[in-house]
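Student: Structure in structure tokens, see below.
The values are calculated or read from the model by the stated rules, or taken from the named source; none is laboratory data. This structure is a prediction, so every number in the text was calculated from the model and none was measured. Positions of Cβ are generated from backbone atoms using ideal geometry, with glycine treated the same way; all protein chains shown enter the neighbour counts.
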Amino acid sequence: MVEVPILTYHSNNVLGNAYHNNDHVALAADLKLIEKLGLQVISLDQLMQWHQGQAVDVNVEHAVVLTCDDGSWFDYHDIEHPHFGLQRSFFNILKDHQQATGSKVHISSFVIVSPEGREELDKTCLAGLGWWKDDWWQKAQASGVMAIENHSWDHNHVTFHRDFSREKSFREVNDAPSCDHQLQQSQEYLNQTLNLKSRYFAYPYGNFSDYLKTQYLPQNAEKIGLKAAFTTEPSHVSKDSDIWAIPRYVCGEHWQKIDQLEGILKSS
């Protein structure tokens, strides 16, 4: 049975300049490993077309998909980190690899949509220098290298003050008004305000309620423009994977060393 791994990174994970504590370092090294193993990086669109039994122009049997979560400036812009120096963005790491090898690359960035939420996160998680704005999203989408997708309105992030977010956890997004607030509102902002046609949703922290996965999304996804939802369950995608619970491996959580990733990729 054909199975495809999705690898997920967080560009805010910069706690040093080594593979195990810097997702930028890890992504650059992982791209070289993917090339060495003869695997092809395909887009989420290509993966989901295959999942739905549609024709695709790639060999899915030898493929890997890349995603990243949260959507700060570190995804797209090179930034001088206050402690660890210049960090090459995920976008430019991919461009560097493409230029060096000639191989096609693609990554889908699941972004936190709320401007107020991102402003708060910029203060609580980064340096408070305006590094979580959406001014790059349209340029990234137009590049053909990075797609912008939905990571909820405000993520229910652990650093928020108690009264900032409607729910304490995404497991509490368990009724229609809460789901509309987190999913429909963010879809409308992406699609209408920014003219970005988001098709996929990633659950914050991989958390979801049974209502969200089994009722709200199957009943409302077509109306709000979503085709699939993604978890952080560490396994490969197969044609049997639940369309509203597609699994992904997370860098730093499911692998910390490149030989561990090699084991994941060779198990495809």
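Student: Checking the structure you have, find out if any residue of region 199-218 is aromatic (Phe, Trp, Tyr), over 14 Å from the mean Cα position of the chain (by Cα) and outside any helix (DSSP H, G or I). Please lay out each step first, then the result.
Tutor: Step one: filter region 199-218 for residues aromatic (Phe, Trp, Tyr), giving 200-201, 203, 205, 208, 211, 216.
So of that shortlist, the ones also over 14 Å from the mean Cα position of the chain (by Cα) come out as 208, 211, 216.
Checking the rest, the ones that are also outside any helix (DSSP H, G or I) come to 208.
Yes, some residue in region 199-218 is aromatic (Phe, Trp, Tyr), over 14 Å from the mean Cα position of the chain (by Cα) and outside any helix (DSSP H, G or I).
Student: Kindly evaluate Leu226 against the criterion of being farther than 19 Å from Leu33 by Cα and in a loop (DSSP other than H, G, I, E, B).
Tutor: Working: farther than 19 Å from Leu33 by Cα: yes; in a loop (DSSP other than H, G, I, E, B): yes.
So Leu226 fits the description; yes.
Student: Of all residues in region 42-98, which are β-branched (Val, Ile, Thr) and either touching a Gly at 6+ places or on another chain (Cβ under 9 Å) or assigned to a helix (DSSP H, G or I) (or both)? Break it down stepwise before answering.
Tutor: Just the residues of region 42-98 that are β-branched (Val, Ile, Thr), to begin with: 42, 56, 58, 60, 64-65, 67, 79, 93.
Passing the criteria: Val60, Ile93.
Student: Taking the condition under 20 Å from Leu27 (Cβ atoms) and surrounded by fewer than 18 Cβ atoms within 10 Å (Cβ to Cβ), does Gly38 pass? Give the steps one after another, and end with the answer.
Tutor: Values: under 20 Å from Leu27 (Cβ atoms): yes; surrounded by fewer than 18 Cβ atoms within 10 Å (Cβ to Cβ): yes.
Here the answer is yes, as Gly38 does meet what is asked.
Student: For the subset of region 65-96 comprising residues that are closer than 19 Å to Ser43 by Cβ and among the β-branched types (Val, Ile, Thr), which member is nearest to the chain's Cα centre (by Cα)?
Tutor: Selected residue: Thr67.
Student: What do you reckon, is Leu226 at pLDDT 95 or above, farther than 30 Å from His81 by Cα, aliphatic (A, V, I, L, M) and surrounded by 16 or more Cβ atoms within 10 Å (Cβ to Cβ)? Steps first, answer last, please.
Tutor: On the way: at pLDDT 95 or above: yes; farther than 30 Å from His81 by Cα: yes; aliphatic (A, V, I, L, M): yes; surrounded by 16 or more Cβ atoms within 10 Å (Cβ to Cβ): yes.
So Leu226 passes the test.
Student: When both residues are 6+ apart or on different chains and their Cβ atoms are under 6 Å apart, which pairs have a first residue that lies in region 193-209 and is over 19 Å from Ile107 (Cβ atoms), and a second that is part of a loop (DSSP other than H, G, I, E, B) and of a type in the set (A, V, I, L, M, F, W, C)?
Tutor: Matching pairs, first to second residue: Ser209/Val173.
Student: Turning to a different aspect of this structure: In region 168-196, which residue that is part of a helix (DSSP H, G or I) and in contact with a strand residue (DSSP E or B) (Cβ under 7 Å, 6 or more places away or on another chain) is farthest from Asp135 (Cα to Cα)?
Tutor: Within region 168-196, the first condition is being part of a helix (DSSP H, G or I), and the residues that meet it are 170-172, 176-193.
If we keep only those that are in contact with a strand residue (DSSP E or B) (Cβ under 7 Å, 6 or more places away or on another chain) too, we end up with 183, 186-187, 190.
Numbers: Leu183: 21, Ser186: 16, Gln187: 17, Leu190: 12 Å.
Out of the qualifying residues, it is Leu183.
Student: Taking the stated definitions as given, is Gly38 assigned to a loop (DSSP other than H, G, I, E, B) and within 15 Å of Lys104 (Cα to Cα)? Walk me through it before giving the result.
Tutor: Numbers: assigned to a loop (DSSP other than H, G, I, E, B): yes; within 15 Å of Lys104 (Cα to Cα): yes.
The answer is yes for Gly38.
Listed here are the residues, each with its yes/no results for (1) of a type outside the set (Ser, Thr, Tyr); (2) surrounded by fewer than 20 Cβ atoms within 10 Å (Cβ to Cβ); (3) more than 16 Å from the chain's Cα centre (by Cα).
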| position | (1), (2), (3) |
| --- | --- |
| Gln98 | yes, yes, yes |
| Ser108 | no, no, no |
| Lys139 | yes, yes, yes |
| Ser143 | no, yes, yes |
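Student: Could you list, in sequence order, the residues of region 244-259 that are surrounded by 17 or more Cβ atoms within 10 Å (Cβ to Cβ), more than 23 Å from His62 (Cβ to Cβ) and touching a residue at least 60 places away in the same chain (Cβ under 8 Å)?
Tutor: Pass one, region 244-259, residues surrounded by 17 or more Cβ atoms within 10 Å (Cβ to Cβ): 244-252, 254-255.
From what is left, the residues that are more than 23 Å from His62 (Cβ to Cβ) are 244-245, 252.
The answer is Gly252, and nothing else.
Student: Every residue in region 113-145 that is closer than 26 Å to Lys95 by Cβ and touching a residue at least 60 places away in the same chain (Cβ under 8 Å), please.
Tutor: Val113, Cys125, Leu126, Trp132, Lys133, Asp134, Trp136, Trp137, Lys139, Ala140
Student: Name the single residue, out of those in region 210-221 being free of Cβ contacts under 8 Å to residues at least 24 places away in the same chain and farther than 18 Å from Leu196 by Cβ, that is surrounded by the fewest Cβ atoms within 10 Å (Cβ to Cβ).
Tutor: Ranking the qualifying residues of region 210-221, first place goes to Gln219.
Student: Further question on the same structure: Quick test for you: out of Ile258, Ile246, pick the one residue that is over 16 Å from the mean Cα position of the chain (by Cα) and among the hydrophobic types (A, V, I, L, M, F, W, C).
Tutor: On inspection, the qualifying residue turns out to be Ile258.
Student: Is it fair to say Ser108 is touching a Phe, Trp or Tyr at 6+ places or on another chain (Cβ under 8 Å), not aromatic (Phe, Trp, Tyr) and not in a helix (DSSP H, G or I)?
Tutor: On the way: touching a Phe, Trp or Tyr at 6+ places or on another chain (Cβ under 8 Å): yes; not aromatic (Phe, Trp, Tyr): yes; not in a helix (DSSP H, G or I): yes.
Against the criterion (touching a Phe, Trp or Tyr at 6+ places or on another chain (Cβ under 8 Å), not aromatic (Phe, Trp, Tyr) and not in a helix (DSSP H, G or I)), Ser108 qualifies.
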